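Visitor: Quick one: the structure is below, and I'll ask about it shortly.
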């Protein structure tokens, strides 16, 4: 079944609505109207978050909003049952199709014969690159810095960053929201201090594991060299800290991993780890350095 573009004239079905980065001013008119017209409004509160104040303003504008977490979206029995006869709006921070969870929800709706429309919103993946002044053509695979669930330290995010840098590519690293990893509540968005500590712990573990890396192909060698180089002086690795992007509280800082612990806190953050910048990119990055 084809999906509609706006969801404004649906009699029943599911409409995935992008909320933008934060605040009702960042939502499109179509998004606000579709949410207002929906019979049920659900706010997906585990992949990204708005502030409580911004949510209250939105609720006053469009009507009551119920919060849903990971289980309700990944096992969407209630959502799809409601959407068979009424319009259900799922409000998602940023763009609703940036997470595979929401793409899977869209596919499940279509398979169930339920009309599914999408209203796109501004996503952090498109917002950050231009805002900090790096060429979006030079970004490689993005990653997420995770909390050490149960004491386990994943090195794969740092391996992605290292391999991108080795190939001359910048990396967007999103920061974890959920210390439990369960997506059921208790979100505590990772702060700059958390991110710096996570990167350093990853580097320590990756350095210990390098001797066990396979060295059978040229790509294996590239990964080994990339990992060795990034672990060499991880505290001096330069990153761009992007805080509360697209909101009135937006802040950008160019600093080292070792300095992240001294950075100001905020609501939501992400990091960009640049590769060797071009001349124009270097000038753009210099704007965000400490004076």
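The values are calculated or read from the model by the stated rules, or taken from the named source; none is laboratory data. As the structure is a prediction and not an experimental result, all values here were calculated from the model. Positions of Cβ are generated from backbone atoms using ideal geometry, with glycine treated the same way; all protein chains shown enter the neighbour counts.
Visitor: Report yes if some residue within region 120-129 is more than 24 Å from the chain's Cα centre (by Cα) and at pLDDT below 95; otherwise report no. It would help to see each step written out before you state the result.
Guide: Filtering region 120-129 for residues more than 24 Å from the chain's Cα centre (by Cα) gives none.
Among the residues of region 120-129, not one is more than 24 Å from the chain's Cα centre (by Cα) and at pLDDT below 95, which makes the answer no.
Visitor: Same structure, new question: Can you tell me which residues in region 64-93 are under 23 Å from the mean Cα position of the chain (by Cα), in a loop (DSSP other than H, G, I, E, B) and in contact (Cβ under 8 Å) with a residue 40 or more places away in the chain?
Guide: 69, 93
Visitor: Taking region 117-152 only, how many residues are crowded, with 18+ Cβ neighbours inside 10 Å and under 19 Å from residue 198 (Cα atoms)?
Guide: Number satisfying all stated conditions: 5.
Visitor: Further question on the same structure: Which of the following residues is out of contact with any strand residue (DSSP E or B) (no Cβ under 6 Å at 6 or more places or on another chain) and within 30 Å of residue 43 (Cβ to Cβ): 165, 215, 188?
Guide: Only one candidate passes the filter, namely 188.
Visitor: Identify, please: which residue in region 7-20 is at pLDDT 90 or above and crowded, with 18+ Cβ neighbours inside 10 Å and is, among those, nearest to residue 250 (Cα to Cα)?
Guide: Among them, the one singled out is 20.
Visitor: Same structure, new question: Would you check if there is a residue in region 88-102 being surrounded by fewer than 21 Cβ atoms within 10 Å (Cβ to Cβ), out of contact with any strand residue (DSSP E or B) (no Cβ under 9 Å at 6 or more places or on another chain) and farther than 14 Å from residue 10 by Cβ?
Guide: yes
Visitor: To continue, here is another question. Just to verify a result, which residue in region 24-43, among those that are surrounded by 22 or more Cβ atoms within 10 Å (Cβ to Cβ) and farther than 15 Å from residue 56 by Cα, is nearest to the chain's Cα centre (by Cα)?
Guide: Of everything passing the filter in region 24-43, 31 is nearest to the chain's Cα centre (by Cα).
Visitor: Please work out if residue 188 is more than 19 Å from residue 273 (Cβ to Cβ) and within 24 Å of the chain's Cα centre (by Cα).
Guide: yes
Visitor: Tell me which of these residue 223 doesn't satisfy, since it passes every other one: (1) without any contact (Cβ under 8 Å) to a residue 12 or more places away in the chain; (2) surrounded by 14 or more Cβ atoms within 10 Å (Cβ to Cβ).
Guide: The one condition residue 223 does not meet is (1).
Visitor: Among the residues of region 37-53, what is the count of those that are in contact with a strand residue (DSSP E or B) (Cβ under 9 Å, 6 or more places away or on another chain) and either outside any loop (DSSP other than H, G, I, E, B) or modelled with pLDDT of 95 or more (or both)?
Guide: The number of residues fulfilling the criteria is 8.
Visitor: Six or more apart or on different chains, Cβ atoms under 7 Å: show the pairs whose first residue is in region 115-127 and over 10 Å from residue 21 (Cβ atoms) and whose second is in a helix (DSSP H, G or I) and modelled with pLDDT under 90.
Guide: From region 115-127, no pairs qualify.
Visitor: Okay, moving on. For region 208-218, what are the residues that are in a helix (DSSP H, G or I) and touching a helix residue (DSSP H, G or I) at 6+ places or on another chain (Cβ under 9 Å)?
Guide: Residues satisfying the conditions are 209, 210.
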